[in-house]
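The values are calculated or read from the model by the stated rules, or taken from the named source; none is laboratory data. Keep in mind that this is a model prediction, so the values were computed, not measured. Virtual Cβ from ideal backbone geometry, glycine too; neighbours counted across all protein chains shown.
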Amino acid sequence: MILVTGSAGFIGSNFVLDWLAQCDEPVINLDNLTYAGNLKNLDSLQGDARHIFVHGDIGDSALVADLLKRHAPRAVVNFAAESHVDRSIHGPEDFIQTNIVGTFHLLEAVRGYWNMLTGEDKANFRFLHVSTDEVYGSLAKDEPAFTEMHRYEPNSPYSASKAASDHLVRAYHHTYGLPVLTTNCSNNYGPFHFPEKLIPLMIVNALAGKSLPVYGDGMQIRDWLYVKDHCSAIRRVLEAGQPGEVYNIGGWNEMPNIEIVKTVCALLDELRPRSDGKPYNEQVTYVADRLGHDRRYAIDASKIERELGWRPAETFATGIRKTVQWYLDNADWVANVQSGEYRDWVGKHYGEV
Ligand code: NAD
């Protein structure tokens, strides 16, 4: 049994689906279903006794302590977070609350549980904290990619809150001996990605004949990783990572945002041509840049390859094709997320959707 938090969200739901496709070890899924939590992602697990969903907050130590006591998981994987940089700029408080205070309460509950374990159960227990490359700050064009030794220089309320949570996790290892693992991953893309983020927003807007808003000059560089590769990396770290260690995870695929948008448009031109025969990239519009927008993130993922033998299975070309095809095949899922909060948020910032 493992406890996975935030697994109604984008990466967490992919992780649970992959986990249960590969083994029968049950999963308790703790998620408080913010706007980003969508149980539709886990529809295929309905009636599957290996998946236990619990609606609750990682900051509720009593609830978490009770879950740990009753189910005795061998590991906790923490995905739960507020994850959208733009939202953190407009309203940082939720980020402080969940990413910092919530992680603290979760760590306290896990520490209490781990202290009660004995023998092999105690030795084999792991707390895996899922984090981001954004904690390292921004790189100049010619600087080497982030290694695990790079100093923390978070620039947005989101990355600062994730950096704080990483430090707490580290401190629980050094102070209390809690067997923690931390992963810092680059930008993910793939199925079930909420359409406020770059790639799904472009696909959904393009198909709806809306504008494709690109921040600033579109030359912000990110490393991109297909979400299933992130899931396999987390699984590998959980299996073989050394407690107290940090592992960077990335796709070895740096690309400027505008290139991402052009690639998505070209795939749509091929897979679902516009009815007027014109190319989708005619819909691109440049909008005012995000405040404090980092210019470049790049991940050096050689440690996880060297020490744990993990490399991504997908190239960007194969992963992005699967992703675009998934959005074309799952119009119902898209329609579902496009109701409610999603509409309010994107409507305010990008016009009616
Ligand atoms: P997401 O926003 O899609 O999902 C977050 C999930 O956490 C949602 O289901 C939400 O309901 C849940 N949640 C939020 N606050 C909670 C709380 N207080 N208690 C319980 N559940 C709560 O995010 P994501 O993109 O899937 O990211 C998951 C994790 O991976 C985050 O920690 C994020 O920082 C990290 N990460 C994301 C990326 C990326 O590209 N998306 C890259 C690297 C790291």
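A few comments on the model shown:
- Test: residue in segment 299-315 that is in a strand (DSSP E or B) and either within 16 Å of the ligand (Cβ to nearest atom) or aromatic (Phe, Trp, Tyr) (or both): yes
- Whichever residue in segment 265-291 is among the small types (Gly, Ala, Ser) and under 22 Å from residue 199 (Cβ atoms) and, among such residues, is surrounded by the most Cβ atoms within 10 Å (Cβ to Cβ): 266
- The residues on offer are 160, 206, and the sole one that is buried (at least 20 other Cβ atoms within 10 Å of the Cβ), within 15 Å of the ligand (Cβ to nearest atom) and not in a strand (DSSP E or B) is 160.
- Filter pass, residue 128 being part of a helix (DSSP H, G or I), within 16 Å of the ligand (Cβ to nearest atom) and buried (at least 19 other Cβ atoms within 10 Å of the Cβ): no
- Unmet criterion (only one of (1) within 30 Å of residue 151 (Cβ to Cβ); (2) within 22 Å of the chain's Cα centre (by Cα)) for residue 289: (2)
- In a residue-by-residue description of segment 329-348, the property of being surrounded by 14 or more Cβ atoms within 10 Å (Cβ to Cβ) and at pLDDT 95 or above applies to at least one position.
- Pair list, Cβ under 8 Å, 6 or more apart: segment 56-83 residue over 14 Å from residue 113 (Cβ atoms), other residue more than 15 Å from the ligand (Cβ to nearest atom) and assigned to a strand (DSSP E or B): 77/2
- Of all the residues in segment 5-19, those that are more than 22 Å from residue 336 (Cβ to Cβ) and either free of Cβ contacts under 8 Å to residues at least 40 places away in the same chain or within 11 Å of the ligand (Cβ to nearest atom) (or both) number 1.
- Residue ranges of strands (runs of 3 or more DSSP E) in segment 25-121 with at least 2 members under 16 Å from the mean Cα position of the chain (by Cα): 27-31, 75-78
- Number of the exception - residue 196 against (1) surrounded by fewer than 17 Cβ atoms within 10 Å (Cβ to Cβ); (2) in a loop (DSSP other than H, G, I, E, B): (1)
- The residue pairs whose first member lies in segment 35-47 and is within 14 Å of residue 80 (Cβ to Cβ), whose second member is within 15 Å of the ligand (Cβ to nearest atom) and part of a helix (DSSP H, G or I), and whose beta carbons are closer than 6 Å, counting only pairs six or more residues apart or on different chains, are 35/341.
- Given (1) away from the ligand (no atom under 11 Å from the Cβ); (2) out of contact with any helix residue (DSSP H, G or I) (no Cβ under 9 Å at 6 or more places or on another chain); (3) touching a residue at least 40 places away in the same chain (Cβ under 8 Å), index of the condition residue 101 fails: (1)
- The sole residue among 81, 62, 36 that is near the ligand (Cβ under 8 Å from one of its atoms) and at pLDDT 95 or above is 81.
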